[in-house]
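Student: One structure, as structure tokens, below. Some questions next.
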Amino acid sequence: MLEGKVALVTGGARGIGRSITLELARNGADVAFTYKRSAQLAESLAAEVRSMGRKVLPLEADATSMNSAVEVIGKVVAEFKRLDILVNNAGITKDSLLLRMSEEDWDSVIQTNLKSVFNYTKAAARTMMGQRYGKIINMSSVVGLIGNAGQSNYAASKSGIIGFTKSIAKELASRNILVNAVAPGYIDTDMTAALTEEQRKAVTDAIPLKRVAKPDDVAKVVLFLASPDADYITGQVIAVDGGMSV
Ligand code: NDP
């Protein structure tokens, strides 16, 4: 489905990003991915992708840095000669209620989740414009749609991604670059592992489907958006949340 295509996933070594990287490779794409701390997991992921017969390029990079984003895109294009699919996945949480939220916690969540999307989209846009082809898929969240007490920094970053996605979809449509967002609900990863059993039950109760999702549930939707089946879809937000945002 994606033979001949080149994808880049930020924060690809673990969690949802890892599933996405594997799903894109499984469907024929050559893949580059970035990681910040997960060097060992990056190595095992690269080996897994190679065993599928696809090319892979793991790159250590902090997603908050514009210089580093420009460098990463340069390396991807030098290696693969093109870039078709960009998945802006890297993200963190630093939760607390407003009065307890430090300026540092606000800034680092906005920098990591929102500014990183600007960095990589801007750095990739010129290559995609030259190709007259590109798919950009940004990882928002159900929290960006409906908000969440204790996550105002995270919600602001994820709502910001939605506004950015819609604006850039309009800006780049004439160059055949399609820009969409995915808004996952509660996905079983390290990010959600910190919840207590009680908190987990409360969250599950709030999901109409009454179960949490696996990273693969998100990766399948990213694959759809990256595939030719979604060539008339741009500027959209697809919730993968078991009905949480309804
Ligand atoms: P994890 O905590 O499991 O993984 C986070 C990923 O982001 C890691 O690959 C990590 O890389 C990367 N990352 C974090 N900071 C940076 C940085 N500064 N530079 C580069 N990479 C960075 O999270 P998930 O897999 O659960 O989340 C992936 C995305 O999905 C995030 O954007 C998250 O907000 C979103 N999401 C998750 C939901 C969930 O329920 N899990 C729900 C809705 C949205 P490394 O380990 O190498 O540092």
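The values are calculated or read from the model by the stated rules, or taken from the named source; none is laboratory data. What you are looking at is a predicted structure, and each value in this text was computed from that prediction instead of being measured. Note that each Cβ is placed from the backbone with ideal geometry, even for glycine, and that neighbours are counted across all protein chains shown. Quick note on the areas: whole protein, heavy atoms, side chains included, nothing else; ligands and nucleic acids left out. Shrake-Rupley method; radii C 1.70, N 1.55, O 1.52, S 1.80 Å.
Student: For the stretch 190-213, does any single residue satisfy the condition of being within 18 Å of Thr112 (Cβ to Cβ), in contact (Cβ under 8 Å) with a residue 40 or more places away in the chain and in contact with a helix residue (DSSP H, G or I) (Cβ under 7 Å, 6 or more places away or on another chain)?
Tutor: Here is the first cut: in the stretch 190-213, the ones within 18 Å of Thr112 (Cβ to Cβ) are 190-192, 194.
Of the ones still in play, those that are also in contact (Cβ under 8 Å) with a residue 40 or more places away in the chain are 190-191.
Subset that is in contact with a helix residue (DSSP H, G or I) (Cβ under 7 Å, 6 or more places away or on another chain): 190-191.
Yes.
Student: Moving on to the next point. Residues in the stretch 59-79 that are more than 10 Å from the ligand (Cβ to nearest atom), open to solvent by 20 Å² or more (accessible area, probe 1.4 Å) and either touching a strand residue (DSSP E or B) at 6+ places or on another chain (Cβ under 9 Å) or free of Cβ contacts under 8 Å to residues at least 12 places away in the same chain (or both): how many?
Tutor: 7
Student: Could you tell me which of the residues Leu172, Leu195 is of a type in the set (A, V, I, L, M) and away from the ligand (no atom under 16 Å from the Cβ)? Steps first, please.
Tutor: Values: Leu195 fails: away from the ligand (no atom under 16 Å from the Cβ).
Just a single option satisfies the conditions, and that option is Leu172.
Student: Counting residues that are among the small types (Gly, Ala, Ser) and open to solvent by 30 Å² or more (accessible area, probe 1.4 Å), which helices (runs of 4 or more DSSP H) fully inside the stretch 179-246 reach at least 1? Working first, answer last.
Tutor: Numbers: elements: 190-193, 197-205, 215-226.
The helices (runs of 4 or more DSSP H) meeting that bar are 190-193, 197-205.
Student: Right, next: Inspect all residues belonging to the stretch 164-175 and state whether any of them is in contact (Cβ under 8 Å) with a residue 24 or more places away in the chain, touching a strand residue (DSSP E or B) at 6+ places or on another chain (Cβ under 6 Å) and β-branched (Val, Ile, Thr).
Tutor: Yes, because at least one residue in the stretch 164-175 is in contact (Cβ under 8 Å) with a residue 24 or more places away in the chain, touching a strand residue (DSSP E or B) at 6+ places or on another chain (Cβ under 6 Å) and β-branched (Val, Ile, Thr).
Student: Looking only at residues that are more than 9 Å from the ligand (Cβ to nearest atom) and surrounded by fewer than 24 Cβ atoms within 10 Å (Cβ to Cβ) in the stretch 1-22, which one is nearest to Ile187 (Cα to Cα)?
Tutor: Leu22
Student: Just need a number here: residues in the stretch 23-40 that are without any contact (Cβ under 8 Å) to a residue 60 or more places away in the chain and either more than 7 Å from the ligand (Cβ to nearest atom) or among the charged types (D, E, K, R) (or both).
Tutor: Residues of the stretch 23-40 that are without any contact (Cβ under 8 Å) to a residue 60 or more places away in the chain, as a first pass: 25-26, 28, 30-40.
Retained after the next criterion (residues that are either more than 7 Å from the ligand (Cβ to nearest atom) or among the charged types (D, E, K, R) (or both)): 25-26, 28, 30-33, 36-37, 39-40.
Adding up the residues that qualify gives 11.
Student: Continuing with this model, one more query. Within the stretch 96-111, track down each residue that is more than 16 Å from Ala155 (Cβ to Cβ) and within 16 Å of the ligand (Cβ to nearest atom).
Tutor: The one that is more than 16 Å from Ala155 (Cβ to Cβ) and within 16 Å of the ligand (Cβ to nearest atom): Glu104.
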